[in-house]
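A short write-up of the structure that comes next.
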Amino acid sequence: MRCRKARSLLSTYCNEELTGRQQVEVREHLAGCAECRREASAFQSISDVASELSQKALSEDFNTRLLNRIAEERFSETRTRAYLPRRAPIISWRLVAPAVASVALVLFAAVSMLMPSQQQGVLNMASVSDRMDNLYRTVQPGNNPNMTVNPQKDWSLGKQIATTERFSRISNMLTDSQGFGNMHLTSVSNLAHTASARIPYHSGYFKIQPIIRVYENSGKNASEEGENAY
Amino acid sequence: MKAIQNGDMVAFNSMVNRYKGRLMNVIGRMLSSQEEAEDVVQETFVRVYQHRQSFDFKHCFSTWIYTIGLNLARNELRKRKRFRFYDITDMPGHEAELSVEPKLPSRLPEVLNEAIKSLPEKYRTAFLLRDVQEMPYEEVAQVLGVPLGTVKSRVNRARLTLREKLRPRMEEQNALSKSTLLAVNIL
């Protein structure tokens, strides 16, 4: 074995990590080479000193400080467990799904049975104005003491506006001779006020006062215009 | 470990006494500061306590605790690299505090300690675990999380580097011992 090869194996040889044929070859080489013996001696010294290196000293209160930290850790663990709420029960959807489905079916059946008129309304495809008018119907009180005439079933705001306009025109024709084309921006509440003798509803009774701006007559049919304006 | 998992603090205390020296031996030589090394060793035991329930009995406990300790030490080294720490004695105006000249290491253990500190981190760790702590190669491989061949290669490289660093010092000592012997022979 050459010196170069032997020196590459010296560190493992000195730490007794070489086995078999390589160990024998290195030993034989060292027997005949002084330089490699010096190198082997150096490696052996380093190995001996490394294994006997003094232990690094710890401070005297090391154990005390550590146990204090562990005690704090134990306290925080206990406290957390005490204040944590119980785990919520895990919902198994396999068990709950049939119950949820049956409740949903019952609700759907109940809703469909209780509201047939709404279905009809959908089928009848009421006009936009009638739908909007129905909202005002809910505003009207059921038992208006001022009501002398029963509300018509096909009452709509557009028709009411048209009626009011007709009355207004008629009254204007009677009061001044300017006729059509003299309708200025006004409000239904004012119209209602002027035709209060004919309109059975007391305007102050309702909390919600519908304000509809009626623009100048452009020659169209008054009722159509009233609906379009709305 | 079973007793520690059941909350036996006597068992935990005996485990601390068994491993604190070994851990300090390795971590104290990875970090330069004694206080930092003690903090890291303490933190290692605290982590062992915090995660005691997650310990897998298929693995060796010493491997587990060394892995935790070395990871914490590496984190500390990375932190030191990010924030450069300056010793107050390096700052101007503190020369008067240095009344005693620093003692040069003369004996081989001190020289070896200094040489180990100058090794690159991965070689240093492998050398400390294998040659200083005398752990088997397989255990060192598990702790470091590298193959067995890599561990052997790193340990060998560390030994060769230490030999080169200590060569002048050892030759000096050899020369000194030869001259002393010659003087004695003459006398």
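Of the residues A:127, A:171, A:92, A:156, only one is of a type in the set (Ser, Thr, Tyr) and modelled with pLDDT under 55; which?
Answer to the check: A:127.
Being under 10 Å from the mean Cα position of the chain (by Cα) and either among the β-branched types (Val, Ile, Thr) or surrounded by 17 or more Cβ atoms within 10 Å (Cβ to Cβ) (or both) is the filter here, so list the residues in the range B:114-146 that pass it.
B:116, B:124, B:125, B:126, B:127, B:128, B:129, B:132, B:133, listed by residue number.
Among the candidates B:72, B:98, B:108, B:104, which residue alone is more than 20 Å from residue A:12 (Cβ to Cβ), in contact with an Asp or Glu (Cβ under 6 Å, 6 or more places away or on another chain) and either exposed (fewer than 12 other Cβ atoms within 10 Å of the Cβ) or modelled with pLDDT of 75 or more (or both)?
That would be B:72, the only listed residue that is more than 20 Å from residue A:12 (Cβ to Cβ), in contact with an Asp or Glu (Cβ under 6 Å, 6 or more places away or on another chain) and either exposed (fewer than 12 other Cβ atoms within 10 Å of the Cβ) or modelled with pLDDT of 75 or more (or both).
Consider residue A:28 carefully, then state whether it is open to solvent by less than 60 Å² (accessible area, probe 1.4 Å) and either more than 60 Å from the chain's Cα centre (by Cα) or within 9 Å of chain B (Cβ to nearest Cβ) (or both).
So residue A:28 does not fit the description; no.
Residues in the range B:18-46 that are surrounded by fewer than 21 Cβ atoms within 10 Å (Cβ to Cβ), under 15 Å from residue A:65 (Cα atoms) and more than 8 Å from chain A (Cβ to nearest Cβ): how many?
Of the residues in the range B:18-46, 4 are surrounded by fewer than 21 Cβ atoms within 10 Å (Cβ to Cβ), under 15 Å from residue A:65 (Cα atoms) and more than 8 Å from chain A (Cβ to nearest Cβ).
Among the residues of the range B:150-169, write down those that are open to solvent by 30 Å² or more (accessible area, probe 1.4 Å) and within 13 Å of chain A (Cβ to nearest Cβ).
Across the range B:150-169, the qualifying residues are B:152, B:153, B:154, B:156, B:157, B:160, B:161, B:164, B:165, B:167, B:168, B:169.
Suppose we keep only residues that are aliphatic (A, V, I, L, M) and open to solvent by 30 Å² or more (accessible area, probe 1.4 Å) within the range A:31-50. Which one would you say is farthest from the other protein chains (Cβ to nearest Cβ)?
Checked the range A:31-50; the qualifying residue farthest from the other protein chains (Cβ to nearest Cβ) is A:31.
The values are calculated or read from the model by the stated rules, or taken from the named source; none is laboratory data. The structure presented is a predicted model; accordingly, all values stated were derived computationally and were not measured. Don't worry about glycine lacking a Cβ; one is built from the backbone with ideal geometry, like all the others, and counts go over all protein chains shown. Calculation scope for accessible area: heavy atoms of the full protein, side chains included, ligands and nucleic acids excluded. Shrake-Rupley method; radii C 1.70, N 1.55, O 1.52, S 1.80 Å.
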